[in-house]
Amino acid sequence: MRINTYANSRTAFASLAGKAFPVYEIPLKAGMSVGMLLISVELFIMLCILLFIPGDYAGPCFIGFAIGESLGAAALRIAGGIFTKIADIGADLMKIVFNIKEDDARNPGVIADCTGDNAGDSVGPSADGFETYGVTGVALISFILLAVKDPTVQVMLLVWIFMMRVLMIVASGASYLINAAVARARYANAPRMNFEAPLTSLVWITSLVSVVLTYIASYALIGGLGDGSLWWKLSTVITCGTLAGAIIPEFVKIFTSTDSAHVREVVTSAREGGASLDILSGLVAGNFSAYWLGIVVVLLMGIAYAVSTAGLGSLMIAPAVFAFGLVAFGFLGMGPVTIAVDSYGPVTDNAQSVFELSVIEQIPGAAQAIRQQYGFDVNFEQAKHLLEENDGAGNTFKATAKPVLIGTAVVGATTMIFSIVVLLTHGLTQNLDRLSLLHPPFLLGLITGGAVIYWFTGASMQAVTTGAYRAVEFIKGNIKLEGATKASVTDSKRVVEICTQYAQKGMFNIFLTVFFSTLAFAFLEPYFFVGYLMSIALFGLYQAIFMANAGGAWDNAKKIVEVDLKEKGTALHAATVVGDTVGDPFKDTSSVAMNPIIKFTTLFGLLAVEFAVSLTEKSGAGFSRTLSALFFAVSLVFVWRSFYAMRIRSQAPATTAAGAVAAVARGK
């Protein structure tokens, strides 16, 4: 947050010179600083556990570390996502209600919006990337210790995994420096540039450098493993994940970029059909994106599976599961760059807000003072255009990182679920028939997981809806447009308070429901729980991709109207603003928070189901099922609270059915 806060104001100031390159360079440098710091700290902590904790305690330490990460990331993703979208919707709707400009300093919601961009769109994704990187590593370590019987092979694979992580950090840093030199040579003095181009090249350079280093390091470290050919086979599996980290963003851009046909279709639909067709067209983009990205993931995992059948079975049980874990490992092989391009968006967004909040255009003599002190002429219109255009690129690359993180969570969860399966089947030797649709509890678990994903989507959006209602209600009643240049500090603080209040309420209800549901289903029947975990991973994958990309399409459709078409204040602009406010909780609340929820449930479930099985052996199935019923009853309390306790309360509620209908008709 500190890094991005400085980067916001520096980017806003850099835009005054009218050159595009500094407006691109500063947000990316801030993002790389965050990414390199987080991933390096993560790797250092995991190496300390591996090297300095006694072997008997290292496994539980890794699991505890991963659960702690998931707890923190879930809290930041859920609460931050609710906070930022309450503020965003509250600020954006004022553009339609009062026909004021973006980030108007007189709007009390703008400060909360900036705070939310830091808390929800910057801190949340960074915590998510930090947690995903760690959980994926823990999943692979757990697999190696459970599925590989030869201690020598275990050690070789663990050393190989950690060395690959070190080299991928080096690859990310080197690729950033190479890309920065190329971008500077091309754009240093350019008044305009395609902001997406150097970000795209950074992702691809990092991916290709990582692939080359993967093969070199694998040959050096495990060249003699097995029959002597496993080094390139394992490298190929990781490469599937590394390439996915570059290929998936390209597919995401097809549905969310300002240059994409899908986003322009949203604008075309809105021109004649208003907000209704804008929203429908965005839903189309989200649904198509889920199909194509699903096919990409299946193809890459299919390649990994095919390679795993060529000799890995001699070293371990279930080599395909190890291959899927390595794909997830490769997904985040360029973790610092993934975090960097994700952090790029909130900085570009807030730079635009800082520019408007400064009211620098209205300050007498500001241009002359800047010329005297800094030696360049100010072009305010060019500065605003650069910031808005760069914000569109930031929106696109925020969207590209989300499917990478959710894909990693799902593929990594597969490896963790396998650890539970190994535990329950005593090394895949017993009860394998229960992992089948012919075992009714397993099928019921699959159905239950889908139900929980849709509840989670509704609960997180309900918190945003109620909070945004209260924020809009307050802003409309207190905004002062006549005789004021800025909103009062008191009013701005009140909007922040409203956002915080509903973010905390929403997070409390959601997290406790997830916690008690995990306990309830783990104690009910272990194979029911395995089906449940598989279901939330698969339902969550497609729900998250659909919502993230639909929201990205709506967001950049608005950006096209504002920047390319220059039609602010028109009916078309109002329609796309409405679409954007619908997309806000889609892309930045519900979709992104599924990632840590899936991983927390899987990690915590590993401990819960182990305890449940031992308790059943000691006290009988009846006692375990009684506890399950109690935990489920508690979870239902918070499910109930997530809607009925979060509803928008009328100031004068009707006491009869007829009165209720009349109140709705009057807009109350």
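The values are calculated or read from the model by the stated rules, or taken from the named source; none is laboratory data. Quantities reported herein were computed from a predicted structural model and do not represent experimental measurements. Backbone-built Cβ (ideal geometry, glycine too); neighbour counts: all protein chains shown. Accessible surface areas use protein heavy atoms only, side chains included; no ligands, DNA or RNA. Shrake-Rupley method; radii C 1.70, N 1.55, O 1.52, S 1.80 Å.
Answer yes or no as to whether A503 is outside any helix (DSSP H, G or I), buried (at least 21 other Cβ atoms within 10 Å of the Cβ) and touching a residue at least 60 places away in the same chain (Cβ under 8 Å). It is false that A503 is outside any helix (DSSP H, G or I), buried (at least 21 other Cβ atoms within 10 Å of the Cβ) and touching a residue at least 60 places away in the same chain (Cβ under 8 Å). A single entry from L167, L146 fulfils the requirement of being among the hydrophobic types (A, V, I, L, M, F, W, C), open to solvent by 20 Å² or more (accessible area, probe 1.4 Å) and touching a Ser or Thr at 6+ places or on another chain (Cβ under 7 Å): L146.
Residue by residue, here is whether (1) within 24 Å of the chain's Cα centre (by Cα); (2) in contact (Cβ under 8 Å) with a residue 12 or more places away in the chain; (3) in a helix (DSSP H, G or I); (4) under 30 Å from N107 (Cβ atoms) holds:
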residue	(1), (2), (3), (4)
L326	yes, yes, yes, no
F329	yes, yes, yes, no
V347	yes, yes, yes, yes
K384	no, yes, yes, yes
F397	yes, yes, yes, yes
G412	yes, yes, yes, no
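Given the structure, is M461 surrounded by 21 or more Cβ atoms within 10 Å (Cβ to Cβ), closer than 18 Å to S642 by Cα and among the aliphatic types (A, V, I, L, M)? Reasoning before the result, please.
On the way: surrounded by 21 or more Cβ atoms within 10 Å (Cβ to Cβ): no; closer than 18 Å to S642 by Cα: yes; among the aliphatic types (A, V, I, L, M): yes.
No; evaluated as a whole, the condition is false for this residue.
Would you mind stating whether L615 is at pLDDT 95 or above, in a helix (DSSP H, G or I) and over 19 Å from T457 (Cβ atoms)?
Values: at pLDDT 95 or above: no; in a helix (DSSP H, G or I): yes; over 19 Å from T457 (Cβ atoms): yes.
For L615, the condition - at pLDDT 95 or above, in a helix (DSSP H, G or I) and over 19 Å from T457 (Cβ atoms) - is not met.
Residue check: is I648 surrounded by 14 or more Cβ atoms within 10 Å (Cβ to Cβ), on the phi < 0 side of the Ramachandran plot and aliphatic (A, V, I, L, M)? Considered against the rule, which asks whether it is surrounded by 14 or more Cβ atoms within 10 Å (Cβ to Cβ), on the phi < 0 side of the Ramachandran plot and aliphatic (A, V, I, L, M), I648 comes out as no.
Restricting attention to the range 531-589, the residues being touching a His at 6+ places or on another chain (Cβ under 6 Å) and open to solvent by 10 Å² or more (accessible area, probe 1.4 Å) number 1.
I'd like the full set of residues that are open to solvent by less than 10 Å² (accessible area, probe 1.4 Å) and either farther than 29 Å from D555 by Cα or touching a Phe, Trp or Tyr at 6+ places or on another chain (Cβ under 8 Å) (or both), limited to the range 377-397. Scanning the range 377-397 gives A383, L387, N390, G392, A393, G394, F397. Remark: pairs (first residue in the range 247-271, outside any helix (DSSP H, G or I); second residue among the β-branched types (V, I, T) and open to solvent by 10 Å² or more (accessible area, probe 1.4 Å); Cβ separation under 7 Å; 6+ apart in sequence or on different chains) = S260/I254.
Taking the conditions (1) surrounded by fewer than 16 Cβ atoms within 10 Å (Cβ to Cβ); (2) closer than 29 Å to V203 by Cα; (3) in contact (Cβ under 8 Å) with a residue 60 or more places away in the chain in turn, V97 satisfies each one other than (2).
For the range 210-232, a residue qualifies if it is part of a helix (DSSP H, G or I), touching a residue at least 40 places away in the same chain (Cβ under 8 Å) and open to solvent by 20 Å² or more (accessible area, probe 1.4 Å), and the qualifying residues are L213, L221.
Taken as a whole, the condition of being within 20 Å of the chain's Cα centre (by Cα) and among the charged types (D, E, K, R) applies to D580.
If you filter the range 413-443 down to residues that are open to solvent by 10 Å² or more (accessible area, probe 1.4 Å) and of a type in the set (G, A, S), you find that the one that is modelled with the highest pLDDT is S436. Scanning the range 241-273 for residues that are open to solvent by 10 Å² or more (accessible area, probe 1.4 Å) and within 20 Å of F162 (Cα to Cα) gives a single hit, L243.
Restricting D113, D92, D88 to residues that are touching a residue at least 24 places away in the same chain (Cβ under 8 Å), within 19 Å of the chain's Cα centre (by Cα) and open to solvent by less than 10 Å² (accessible area, probe 1.4 Å) narrows the list to D113. Annotation note: of K587, K568, the sole residue that is of a type in the set (K, R) and not in a helix (DSSP H, G or I) is K568. Taking (1) surrounded by fewer than 16 Cβ atoms within 10 Å (Cβ to Cβ); (2) assigned to a loop (DSSP other than H, G, I, E, B) in turn, K486 satisfies each apart from (1).
Figure legend. Inter-residue proximity from the range 534-563: first residues basic (K, R), second residues not in a helix (DSSP H, G or I), beta-carbon distance below 9 Å, spacing 6+ or different chains. Indicated pairs: K559/T258.
Say whether the condition of being aliphatic (A, V, I, L, M) and part of a helix (DSSP H, G or I) is met by at least one residue in the range 374-382. No: zero hits.
Just name the residue that is nearest to L606 (Cα to Cα) out of those in the range 507-564 that are of a type in the set (S, T, Y) and more than 20 Å from the chain's Cα centre (by Cα). Talk me through it step by step, then tell me what you get.
Narrowing the range 507-564 to residues of a type in the set (S, T, Y): 513, 517-518, 527, 532, 535, 542.
Filter once more, so that each one left must be more than 20 Å from the chain's Cα centre (by Cα): 513, 517-518, 527, 532.
Values: T513: 18, S517: 14, T518: 10, Y527: 12, Y532: 13 Å.
Applying the filter and picking the extreme gives T518.
If we scan the range 5-25, do we find a residue that is within 24 Å of F195 (Cβ to Cβ), surrounded by fewer than 22 Cβ atoms within 10 Å (Cβ to Cβ) and acidic (D, E)? Within the range 5-25, one or more residues are within 24 Å of F195 (Cβ to Cβ), surrounded by fewer than 22 Cβ atoms within 10 Å (Cβ to Cβ) and acidic (D, E). Under the condition of being part of a helix (DSSP H, G or I) and open to solvent by less than 50 Å² (accessible area, probe 1.4 Å), which residue from the range 358-368 is nearest to K19 (Cα to Cα)? The qualifying residue nearest to K19 (Cα to Cα) is A367. Scanning the range 278-307 for residues that are open to solvent by 30 Å² or more (accessible area, probe 1.4 Å), of a type in the set (A, V, I, L, M, F, W, C) and touching a residue at least 60 places away in the same chain (Cβ under 8 Å) yields I279, L283, M301, I303. Of the residues making up the range 609-641, those that are among the β-branched types (V, I, T) and either more than 18 Å from I420 (Cβ to Cβ) or free of Cβ contacts under 8 Å to residues at least 12 places away in the same chain (or both) are T616, T626, V634, V637, V639. All of (1) outside any helix (DSSP H, G or I); (2) within 30 Å of A409 (Cβ to Cβ); (3) open to solvent by less than 40 Å² (accessible area, probe 1.4 Å); (4) among the hydrophobic types (A, V, I, L, M, F, W, C) hold for A310 with one exception: (3).
Those helices (runs of 4 or more DSSP H) of the range 48-164 in which at least 3 residues are out of contact with any strand residue (DSSP E or B) (no Cβ under 9 Å at 6 or more places or on another chain) and closer than 21 Å to I498 by Cα, considering only elements entirely within it, cover 55-97, 109-118. Filtering the range 460-483 to residues that are within 30 Å of S591 (Cβ to Cβ) and either in contact with a Gly (Cβ under 7 Å, 6 or more places away or on another chain) or assigned to a loop (DSSP other than H, G, I, E, B) (or both) leaves S460, A463, A468, A471, V472, I475.
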